[in-house]
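Here the structure comes first, spelled out in structure tokens, and everything after it is commentary.
The values are calculated or read from the model by the stated rules, or taken from the named source; none is laboratory data. Only a predicted model underlies this, so the values are computations on that prediction, with no experimental measurement involved. Here the Cβ is made from the backbone with ideal geometry for all residues, glycine too, and neighbour counts use every protein chain on show. To get the accessible areas, we keep the full protein, side chains included, count just its heavy atoms, and leave off ligands, DNA and RNA. Shrake-Rupley method; radii C 1.70, N 1.55, O 1.52, S 1.80 Å.
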Amino acid sequence: MKNRIITYLVSALAMASCSFLDVVPENTATLEDSFKSNQQALQFLYRVYNYMPNISSFRWAPDMCAGGDLITGPEGNIEWFGYRSVLSGYETPDGTYFSFWDGGNALGEQPVYWDLYKGIKYAYTYLSHVDTVPDMSSDDKRRTKGEAYFLIAYLHWTLMQYYGPVVLIENEIPIDAAPEQMMLPRSSWDDCVDFVTATFDTAASMLPPTVGNNDLGRATSVAAKAYKARVLMYSASALANGNAAYSDFLDKDGKPLMPRDYDRNKWKTAMDAIKEAIRLAEDSGYALYESGNASALSDAERGKQNYYQCFIETNWAAQKEYLFAIGAQPGEGINIQRIAGVRVWDGSRFTGNNATEYTGNGFRQYLVPTLQIAETFLTENGLPLWADPETSGRSLEDLIRDGDGNGISDFCEHREPRFYATIGYDGGTYTSNSQTDYKLELRHKQKHGYIGDNASGEYKGSCTGYVLQKFISVASTYDEGTNKMTMVKYPFPYLRLAELYLDYAEAEFEYTGGLSESLTYLNKVRTRAGLPTFENSWNQAGGMPSGDRLREALRYENMAELACESRLYHNLRRWNIAEDWLSETPDILNIDGEDVASFNTLIKMKDESKFPRVFSNPKTNWLPIPRAEIENNILLVQNPGYN
């Protein structure tokens, strides 16, 4: 795991790495030296934050691309694009591209080591030593204990998302503990949920609801309550609530590790937790982001500006929506370089890049949105494509075409504001590299288009026919003459208030079968995005939906709002529909097409056969536990499908 900074402000928290020797101060001999002063103790705690996996880059976790909302070019080996190992079945007990369980046996040219259990151990170490710090106030001791509990809960929860039921570490295990004290079985899913949510509650009771600019990135009571709500939301969902695929998933004593029976009341528990988190957040001053200069615009332009500016806001005093976020992480600059890569093709080469030779100079246009995520955005009427009377009768193949002959795919016209703040498309506009709203020319061999790939796997242009606008500031620039790149970096949202609003609507529907109080929250998200209310939109489609149709509508609300934020990978799995979404080769535009008609034609992803997708239920929902852990601990059982 490479060094990163756990704060939005570079000066706020210290750099960190995985080695235990890096957890104690330099030139000191014992752990006790780390708690001789307030400054040293805080340095220890800040470094525990570093065990939180970086979900803001495709290099460091599967979250960003394994859900299918973002994708890299189909060429390139898995060791550089580890998310493909999840989609293509390369994860095994003998080797993983994401080593979260034990920090070992990671594959790839740049292995990713996180070792979340070591982070949990150090959090308990902090709890057992902080009271000895002579110059730390009692208030600061209480607050930092709350942070340690937050990290214990967060790291356990992260393990659960990747592995399912986990081994719970409920207290500090002494270094000289007997082997039987360290040999623990996996706890049941429900026991894991109970422990994690209780620990988040403990953390919340000790933490402030907000922090000042010098403490950005540190845990708050709002973040703790919001994560508790996310845990309960996940636990109530189809993957973990009476999923028959796990009915035979037992521990060594024959006890079920996953709930065998569906419990509708888990949705009520989730509703209550979400409501508690929303109230605390709103009472503490959190609110959906509104751009300061958008109020006088039309609804569509205001919605686009609100959504686009939310993710590039550098004035933290104006950003009240992020309940938890982390900035200045490794890979952030690479992300921007590979997203904002609308390079200019001058007929022989891309500006900043030789077209026949791989180079790291300039923007690269490599990390791009999929057609699948573009499809989830609503129409300008606030309805899914499959529900809007103006589009529901047309196939995707037909929508992709330029039916009115204006040079732009019908698919990209009359869409909601968030679509235009997120997706760059041929004939549309784009903001980057000191240029505002310039026209995209993404067809084959055009100024910004695909011209082919080479042996290095570096695609010369988007591999889907779309580019990503979200997260990209006009101030991120590349000067070819000086070969200088300026990146406007941003805190990456780990949890936003909008998610709580949408989750409340989903939980209320699943518990009651309809929407009542949650419509207020759902419409807050829609109004900020420049959309009509949910009720008014659906009146155009025959009235409020119900049953499976309403469930699907709420999922599209979620996918559009949280697109490309490393959430889809987890949501598709908790909804238990990941196999349907991720097991087939993606559709793309015909990136070899040189005219509007041929370009706006559906084909399958080029060269996907190199790593065919084998996502299967229930195996691929979770990563395998390393074989060495199974062999060293006779009480452990492997995840289904990996034996």
Report task. Spot the failing condition for residue 303; the list is (1) modelled with pLDDT of 95 or more; (2) over 23 Å from residue 322 (Cβ atoms), and only one is missed. Result -> (2)
Query raised in the report: Considering segment 76-90 alone, what residues qualify as being under 19 Å from residue 584 (Cβ atoms) and open to solvent by 10 Å² or more (accessible area, probe 1.4 Å)?
Result: 81, 84, 88, 89, 90
Query raised in the report: If you take the residues of segment 393-410 that are in contact (Cβ under 8 Å) with a residue 60 or more places away in the chain and in contact with a Leu (Cβ under 9 Å, 6 or more places away or on another chain), which of them is surrounded by the fewest Cβ atoms within 10 Å (Cβ to Cβ)?
Result: 397
**Report entry** Selected residue (criterion: nearest to the chain's Cα centre (by Cα)) from residues of segment 286-296 that are farther than 14 Å from residue 312 by Cβ and either free of Cβ contacts under 8 Å to residues at least 60 places away in the same chain or open to solvent by 40 Å² or more (accessible area, probe 1.4 Å) (or both)
**Finding:** 287
Report summary line: Quick count over segment 255-305, residues being in a loop (DSSP other than H, G, I, E, B) and closer than 30 Å to residue 185 by Cα, is 9
**Report entry** Hey, residue 582 touching a residue at least 40 places away in the same chain (Cβ under 8 Å), open to solvent by less than 20 Å² (accessible area, probe 1.4 Å) and hydrophobic (A, V, I, L, M, F, W, C) or not
**Finding:** yes
Query - Residue ID - nearest to residue 156 (Cα to Cα), chosen from residues in segment 92-106 that are at pLDDT below 75 and over 22 Å from the mean Cα position of the chain (by Cα) - result: 104
Query raised in the report: residue 230: touching a residue at least 60 places away in the same chain (Cβ under 8 Å) and either within 24 Å of residue 502 (Cβ to Cβ) or in contact with a strand residue (DSSP E or B) (Cβ under 9 Å, 6 or more places away or on another chain) (or both), yes or no?
Result: yes
Query raised in the report: Do the conditions hold for residue 89, that is, is it within 15 Å of residue 52 (Cβ to Cβ) and not polar (S, T, N, Q)?
Result: no
Requested in this report: May I ask you to list the residues in segment 586-630 that are among the hydrophobic types (A, V, I, L, M, F, W, C), in contact (Cβ under 8 Å) with a residue 60 or more places away in the chain and either open to solvent by 20 Å² or more (accessible area, probe 1.4 Å) or not in a loop (DSSP other than H, G, I, E, B) (or both)?
Outcome: 588, 589, 596, 597, 599, 602, 611, 614, 628, 630
Report task. Restrict the check to segment 255-276 and report whether at least one residue is under 30 Å from residue 473 (Cβ atoms) and surrounded by 20 or more Cβ atoms within 10 Å (Cβ to Cβ). Result -> no
Report summary line: Scanning segment 468-507 residue by residue, the ones that are charged (D, E, K, R), farther than 25 Å from residue 442 by Cβ and in contact (Cβ under 8 Å) with a residue 60 or more places away in the chain total 5
Query raised in the report: Would segment 581-590 turn up any residue that is over 26 Å from the mean Cα position of the chain (by Cα) and closer than 27 Å to residue 409 by Cβ?
Result: yes
Query raised in the report: When you go through (1) open to solvent by 10 Å² or more (accessible area, probe 1.4 Å); (2) modelled with pLDDT under 90; (3) over 27 Å from residue 78 (Cβ atoms) one by one for residue 476, which number turns out not to apply?
Result: (1)
Requested in this report: Evaluate the following for residue 245: is it modelled with pLDDT of 95 or more and open to solvent by 20 Å² or more (accessible area, probe 1.4 Å)?
Outcome: yes
Query raised in the report: Applying the selection to segment 137-152, what residues are among the hydroxyl-bearing types (Ser, Thr, Tyr) and either buried (at least 23 other Cβ atoms within 10 Å of the Cβ) or on the phi > 0 side of the Ramachandran plot (or both)?
Result: 144, 149
Query - Candidates 375, 390 - the one that is part of a helix (DSSP H, G or I), at pLDDT 95 or above and either open to solvent by 10 Å² or more (accessible area, probe 1.4 Å) or not small (Gly, Ala, Ser) (or both) - result: 375
Query - Residue in segment 508-520 that is farthest from residue 563 (Cα to Cα), counting only those that are open to solvent by 20 Å² or more (accessible area, probe 1.4 Å) and in contact (Cβ under 8 Å) with a residue 60 or more places away in the chain - result: 511
Query - Single unsatisfied condition, residue 78 versus (1) farther than 30 Å from residue 124 by Cα; (2) touching a helix residue (DSSP H, G or I) at 6+ places or on another chain (Cβ under 7 Å); (3) part of a helix (DSSP H, G or I) - result: (3)
Report summary line: Residues of segment 28-56 being over 24 Å from residue 102 (Cβ atoms), among the aliphatic types (A, V, I, L, M) and in a loop (DSSP other than H, G, I, E, B), in sequence order, are 29
Report task. Filter segment 351-372 down to the residues that are modelled with pLDDT under 75 and among the aromatic types (Phe, Trp, Tyr), then identify the one that is least open to solvent (accessible area, probe 1.4 Å). Result -> 363
**Report entry** Matching residues in segment 552-584 - criterion: being of a type in the set (D, E, K, R) and under 30 Å from residue 53 (Cβ atoms)
**Finding:** 555, 557, 561, 565, 567, 573, 574, 579, 580, 584
Query raised in the report: Across segment 153-208, what is the total count of residues that are more than 25 Å from residue 222 (Cβ to Cβ), part of a helix (DSSP H, G or I) and open to solvent by 10 Å² or more (accessible area, probe 1.4 Å)?
Result: 6
Report task. Check off (1) surrounded by fewer than 23 Cβ atoms within 10 Å (Cβ to Cβ); (2) small (Gly, Ala, Ser); (3) on the phi > 0 side of the Ramachandran plot for residue 530 and give me the number that stays unchecked. Result -> (1)
